Every structure is written in structure tokens, then in C-alpha cells.
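The values are calculated or read from the model by the stated rules, or taken from the named source; none is laboratory data. Small disclaimer: the values here were computed from a predicted structure and weren't measured. Here Cβ is always computed from backbone atoms with ideal geometry, including for glycine, and neighbour counts include all displayed protein chains.
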């Protein structure tokens with residue numbers, strides 16, 4: 001068995017947590033780590049430096065591996081999802097140097113499949129790399145964590161078959177699946193129901209410039225969730241030199257052509273930033289994240305408006321993006337169909353609010369790392385929260401809370417949500433904080449440092 005070590009990092013939390021995350025081509029050692037969430041003694045006032053966006057990092061990695069020349073990624077995300085993407089691309093023939101944490105170098109090589117690719121629980125890996133594997137010569141077997149075998153892939157499998165890629169999978173199109181690449185993909189037009197995940201479309205679009213005829217993807221079905229991530233895919237394709245037409249709603253056309261190697265500046269991760277912004281709101285404090293771009297590929301404006309509705313003052317200045325809490329958290333009635341990754345922490349804020357909240361448009365959450373709607377309702381219910389599962393969302397009615405153990409169910413967003421509640425409720429313990437290594441291995445240390453600095 002061949003391994004490709006990427007990084008090994010120790011994260012020290014509040015004196016109780018010590019974990020080592022080792023990422024290789026096939027395995028990630030990440031034992032469950034119980035963690036007592038720190039309670040804030042007063043307003044949190046902090047400047048928090050966060051790593052790069054997972055969504056931008058993994059898209060940049062794929063585009064760089066398919067380009068005609070070398071590329072660099074400045075300030076990439078160092079986490080399990082990005083490490084698995086690096087390992088998968090290496091298995092498909094790309095040369096990726098991660099020797100410097102703050103600057104990765106990608107040199108495209110002849111694409112060839114080299115056996116097994118571990119996707120972990122990463123939706124970007126399991127949906128972005130099979131189309132790339134179709135362009136490689138040889139056989140690539142995709143599999144991941146047990147929960148990954150429940151995540152929807154069927155529409156992507158059918159689309160790949162429709163453009164001439166031979167894919168073996170179970171009848172439902174779930175993991176494990178095998179792609180038999182021939183070194184070329186014809187492309188053409190496909191119809192896909194991407195209502196389960198926008199990544200199903202993004203995966204096809206990212207590889208499409210290398211298809212002989214490019215691709216036209218037509219979505220037919222309920223609305224595609226997380227539309228901002230599709231806009232990110234289109235913008236990054238254009239930045240790499242691809243011709244993309246997305247003028248018609250639910251139709252995306254990518255012309256065949258050459259992708260250019262380039263330098264990618266990876267902006268901070270919005271989803272990972274939200275728990276820290278929430279800390280300002282919950283405690284009536286101020287949190288600033290420096291390095292925030294004036295123009296972002298992430299849905300920053302939508303998040304700013306949601307935080308304002310919940311009682312925060314949000315400003316983007318030369319020092320970064322700053323959130324100030326007003327001393328109270330207000331309830332929220334919002335459609336989160338384009339912001340689903342933010343829903344767990346927004347639910348935590350709603351639990352602590354002064355009025356009821358309804359979060360809608362997140363029915364597709366059932367196909368994420370866990371079946372997040374009932375998991376959120378059940379886990380936060382152990383703290384006394386009144387969270388009711390709806391057909392496409394959650395209804396939250398604030399009431400007095402108590403401490404207790406929150407089962408994170410191996411979901412990093414669940415851990416973030418529980419930590420936010422722990423700011424205001426003593427005695428909240430996470431069953432596993434190590435699950436945050438998926439997108440932010442530094443979370444326990446950053447969180448404890450932020451709270452500890454204000455005691």
C-alpha cells in the first residue's frame with residue numbers, strides 16, 4: 001500500500017484536548033475527542049486569523065491539476081477535506097507540493113488512475129474527482145467513510161455514463177464506485193437533477209474544458225441548493241481561461257479548451273468564520289477576521305444581512321470583516337437554500353434568541369455528512385432546546401437551556417453549533433471535537449484562545 005503523507009499537526013485545546021491529524025491517500029487517524037466547550041465570562045473581543053476556504057481551495061486544486069502549466073495556491077486550507085483532494089489528484093497523476101503550508105504548487109502531469117481514492121466524508125472529493133478520473137487512463141476506485149456511502153451521487157454517475165464514461169456502482173449510484181478512464185471524454189449535453197447538491201453540477205463543469213466537446217448541463221428538478229457555490233465554480237473556471245455560458249437559468253455550457261496555470265489567492269473560509277462571528281453576537285462582543293477581500297466569491301453579503309437581522313453590526317473595513325454584538329440575539333425567519341452550510345450555527349444562535357425562528361430551504365441537508373435536520377433537533381434537544389424538524393427546515397422556540405453532552409455525530413458543523421451554545425450555557429460537552437479537522441483542525445485551539453483571552 002502506498003501512502004502520500006500531507007501534513008501532521010498537533011492541536012492543543014483548553015488543556016484537555018490533544019489530537020494528531022495524519023492524512024494520507026487512504027487513511028485519516030482521527031479518534032473521537034470529548035471536549036468541554038468554554039463558557040464566556042463576558043464579551044468576547046478578539047481578532048481571529050482563519051485559514052483559506054475549503055470550497056475555493058478544492059476547486060483551485062482541480063483546475064490547477066487540469067491546466068497546461070504550473071499553478072500556486074496562496075493560503076490554502078490545511079484540513080482533512082483539502083488533504084484528501086490533494087491525495088486524490090496525486091493518485092490521478094498530478095504533482096502537488098504541500099511542503100510550505102502557505103503556498104502549494106501544482107504541476108499537471110499525464111492523467112492516469114492509480115487504484116483507490118479515499119474521499120473521506122468530503123462532498124467535493126467524491127463529486128469533483130470522478131469526472132477527472134474519466135480523463136485519466138486506468139481504473140480508479142472511489143470509497144470513503146461509512147457515512148459517505150449514504151451521500152447522493154446517482155445523478156453524477158448517470159451524467160458521466162451519458163457522456164461516455166464507464167462507471168460501475170450499486171443501482172443507487174452510491175459509493176463505492178469505479179471509474180474506468182480511457183484518457184479522453186467526449187462530453188456533450190446531459191440532463192441532471194442536482195436538487196440534492198450543487199456539487200453534482202460543479203464536478204462536471206470543472207473537468208469539462210478537457211472534454212472533447214465540452215459540456216452542456218441542464219438541471220431538471222427542484223431548485224439547486226447552494227447556488228453561490230455554483231457561481232463560484234463558474235467564476236473560477238473563467239479565471240482559469242474557460243469559456244462558460246450560464247446566461248440561461250439552470251443551464252451551464254463549458255466550451256472545450258485549455259486551462260491556464262495561475263496563482264490562486266485563497267480567501268478565508270466563510271462557513272468556518274461564522275462560529276467566531278456568532279461568539280460576538282452571543283456575548284455582546286466584537287470579533288474581527290482580517291484579510292477579508294472587498295470582493296468575495298463566497299456569499300458574504302447574504303451572511304452579513306442575516307447577522308444584522310439577528311442583532312449584529314457587521315462592517316467590512318481595512319482591518320477585515322468585523323461583527324459586533326448588540327447584547328441580544330433576535331429570532332430569524334430565513335430561506336437558507338443558498339447558505340445551507342451556515343444553518344447549524346444559525347440554529348445555535350436561534351436557540352439563544354429572544355424570539356422564535358424558522359429556517360427554511362434546507363431539506364437537502366438530509367444528504368450531508370449526517371441527516372442534519374433530525375440530528376440537529378435531537379442533539380440540541382439534549383440541552384433543553386425546542387427544535388422541531390420541518391419538511392425543509394427547522395422551527396426553533398427559545399427556552400431555558402442546561403448543560404449536557406452533545407453528540408456531534410462526526411459532523412464538524414454540529415461541533416461548531418454546540419460550541420456556540422456553550423458560550424452562554426455552562427457544562428456543554430462535545431462528544432467529539434476532533435471531527436472539526438474536516439475543515440478546521442485548529443478550531444479547539446482558536447476557540448479556547450478566543451474565550452481565554454477575555455477572562
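Would you pick out the residues in segment 142-153 that are surrounded by fewer than 23 Cβ atoms within 10 Å (Cβ to Cβ) and more than 22 Å from residue 195 (Cα to Cα)?
Those that are surrounded by fewer than 23 Cβ atoms within 10 Å (Cβ to Cβ) and more than 22 Å from residue 195 (Cα to Cα): 143, 144, 145, 146.
Any residue that is modelled with pLDDT under 95 and crowded, with 24+ Cβ neighbours inside 10 Å - is there at least one of those in segment 123-141?
Within segment 123-141 (the criterion being modelled with pLDDT under 95 and crowded, with 24+ Cβ neighbours inside 10 Å), the answer is yes, since at least one residue qualifies.
Could you list all residues from segment 147-176 that are over 20 Å from residue 205 (Cα atoms) and without any contact (Cβ under 8 Å) to a residue 60 or more places away in the chain?
Matches in segment 147-176: 148, 149, 168, 169, 170, 171, 172, 174, 175, 176.
So that you can scan it fast, the table gives a plain yes or no per residue for (1) over 19 Å from residue 261 (Cα atoms); (2) in contact (Cβ under 8 Å) with a residue 40 or more places away in the chain:
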| position | (1), (2) |
| --- | --- |
| 37 | yes, yes |
| 42 | yes, yes |
| 60 | no, yes |
| 65 | no, yes |
| 74 | no, yes |
| 83 | yes, yes |
| 97 | no, no |
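So residue 52 clears everything in (1) modelled with pLDDT of 95 or more; (2) under 20 Å from the mean Cα position of the chain (by Cα); (3) buried (at least 24 other Cβ atoms within 10 Å of the Cβ) except one condition, right? Which one?
Every condition holds for residue 52 apart from (1).
Please pick out the residue among 284, 263, 291, 257 that is within 24 Å of residue 102 (Cα to Cα) and either surrounded by 18 or more Cβ atoms within 10 Å (Cβ to Cβ) or modelled with pLDDT of 95 or more (or both).
Just a single option satisfies the conditions, and that option is 263.
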